[in-house]
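The values are calculated or read from the model by the stated rules, or taken from the named source; none is laboratory data. What you see is a predicted model; the values in this text were computed from it and never measured. Note: ideal-geometry Cβ built from the backbone for every residue, glycine included; neighbour counts use all protein chains shown.
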Amino acid sequence: MDSTYYENLLYRIIQGRLRLSFLGPDIYLYEPDNDILEESYDIYKEAYDEAYFSGTYIKEELKEVLFNNEMWSPEDDEKAKKAEDEIERLKVYAYENWYNVPLLKGAKAGIRNHEYIYKKYKSRFHLLDHISCEGVASLAKSVWIVSKTIKNRSAETMDSSDMPLTKIMEYYNNKAITSSEFRCIARNDPFRGMWVSGKRHSGVFNKSAIDLTRDQLSLCQFSSMYDNVNESSESPPQDVIDDDDCLDGWFIVQRREYEKNKNKREMEQRLGNSKIANSQEVFLMAQDGHTAKKINDMNNVVGKSIIANRNAQIDSAGQVKHTQLSDVRQDLSAQRHQQAMQKIRGK
């Protein structure tokens, strides 16, 4: 996309409206204000209650319907999670190889493929959302908001009784600004200059945060994100900042390092006793899987290798005494050898 495309999106965000050219030259769908949003939840509740008391399923009940009709299964969620994990791995790989064009190109192809897989399996659980109480109520709410936000160039509300509200809503959804588009606008001029200047003066949109439209708020959030990246003591190269996949990989690396250090501090507090802290091995009880992972992450590469070898030996033998563990036997053998050498030197 050229710069004109993104500038068009920018001024649409600034104006807080989308031109409905298929209805006429001066007809717009404006972003709802707080009064409309507040009232829309009454519309949602009314539609939900009506659907519920007429016997419509709620989302949780549709899970069984989906499963019985082979439209969804827990395995689909597992496949989606695997795809999500692979996307994260590939984004880190892209960041680590941002300077290598062939490797970066391959990583991006893998990311796009696994994004498709993730959406494919994740969407199956939501196939019947539109016939649930929540889905019916959400549709009623959205259509009502559309009916209240169709206006002319002067922001005067127009009569929408004869307008195709569902078509307008579909058009609006199809024109939704993507995360990638927000990021491109946020890190480049002309908005970057507006953002920097606005922070020093009256604010980039000249309104309080609670009055920002959804798109304006999203753009501000992405701009703040880029501020934090540029101000970081470990800020990545500009080529990484300009590449969404690479920058996501950098964020993942930073998050993992933060979590690792945080877990280390937490465990060090639990191991405050000097006798425990200086022990060769420390066994800690985990209350759940999350805590178990945090404890396991405290081990270095050597420690994780020892745990893996012990688990393999136990799985193979079924039951193993501590002194018969291969790494323990090696340690004992090394100790006996060292003691023997000390005796020889002592003579």
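Counting only residues that are farther than 30 Å from SER233 by Cα and among the polar types (S, T, N, Q), which one in the stretch 251-290 is modelled with the highest pLDDT?
GLN287
Taking the stretch 235-253 as the search range and keeping residues that are more than 17 Å from ILE87 (Cα to Cα) and assigned to a loop (DSSP other than H, G, I, E, B), which one is farthest from the chain's Cα centre (by Cα)?
Step by step, filter the stretch 235-253, then rank; the result is PRO237.
For every residue, the table says whether it meets (1) in contact (Cβ under 8 Å) with a residue 12 or more places away in the chain; (2) under 14 Å from ILE13 (Cβ atoms).
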| site | (1), (2) |
| --- | --- |
| ASP162 | no, no |
| LEU165 | yes, no |
| THR178 | no, yes |
| TRP195 | yes, yes |
| LYS199 | no, no |
| GLY203 | no, no |
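Conditions (1) assigned to a helix (DSSP H, G or I); (2) surrounded by fewer than 13 Cβ atoms within 10 Å (Cβ to Cβ); (3) at pLDDT 95 or above, marked per residue:
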position: THR56; (1), (2), (3): no, no, yes
position: LEU66; (1), (2), (3): yes, no, yes
position: ALA80; (1), (2), (3): yes, no, yes
position: ILE87; (1), (2), (3): yes, no, yes
position: PRO102; (1), (2), (3): yes, yes, yes
position: TYR118; (1), (2), (3): yes, no, yes
position: LYS122; (1), (2), (3): yes, no, yes
position: GLY135; (1), (2), (3): yes, no, yes
position: LEU139; (1), (2), (3): yes, no, yes
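Just to be sure I understand the filter: pairs with C-beta atoms under 6 Å, separated by 6 or more residues or on different chains, first member in the stretch 12-34 and in contact (Cβ under 8 Å) with a residue 24 or more places away in the chain, second member in a loop (DSSP other than H, G, I, E, B) and acidic (Asp, Glu). Which pairs pass?
GLY16/GLU31
Being of a type in the set (Val, Ile, Thr) and outside any helix (DSSP H, G or I) narrows it down to one of ILE185, ILE177, so name that one.
ILE177
From the set of residues in the stretch 208-265 that are closer than 27 Å to MET298 by Cβ and of a type in the set (Ser, Thr, Tyr), which is surrounded by the fewest Cβ atoms within 10 Å (Cβ to Cβ)?
Start the filter on the stretch 208-265 by keeping residues that are closer than 27 Å to MET298 by Cβ, which leaves 232-234, 248-265.
Imposing the further condition that a residue be of a type in the set (Ser, Thr, Tyr) reduces the set to 232-233, 258.
Details: SER232: 11, SER233: 4, TYR258: 10.
Applying the filter and picking the extreme gives SER233.
Inspect the stretch 299-317 for any residue being at pLDDT below 85, out of contact with any His (no Cβ under 8 Å at 6 or more places or on another chain), surrounded by 13 or more Cβ atoms within 10 Å (Cβ to Cβ) and part of a loop (DSSP other than H, G, I, E, B) and give the result as yes or no.
Within the stretch 299-317 (the criterion being at pLDDT below 85, out of contact with any His (no Cβ under 8 Å at 6 or more places or on another chain), surrounded by 13 or more Cβ atoms within 10 Å (Cβ to Cβ) and part of a loop (DSSP other than H, G, I, E, B)), the answer is no, since none of the residues qualifies.
Inspect all residues belonging to the stretch 56-68 and state whether any of them is within 30 Å of ILE241 (Cβ to Cβ) and of a type outside the set (Asp, Glu). Break it down stepwise before answering.
Initial filter on the stretch 56-68 (within 30 Å of ILE241 (Cβ to Cβ)): none.
The answer is no; no qualifying residue exists.
Would you confirm, using the coordinates I've provided, whether HIS114 is assigned to a helix (DSSP H, G or I), loosely packed, with under 14 Cβ neighbours inside 10 Å and out of contact with any Gly (no Cβ under 6 Å at 6 or more places or on another chain)?
Judged against the criteria, HIS114 is not a match.
Go through the stretch 299-328 and give me each residue that's of a type in the set (D, E, K, R) and under 25 Å from MET267 (Cβ atoms).
LYS304, ARG310, ASP327
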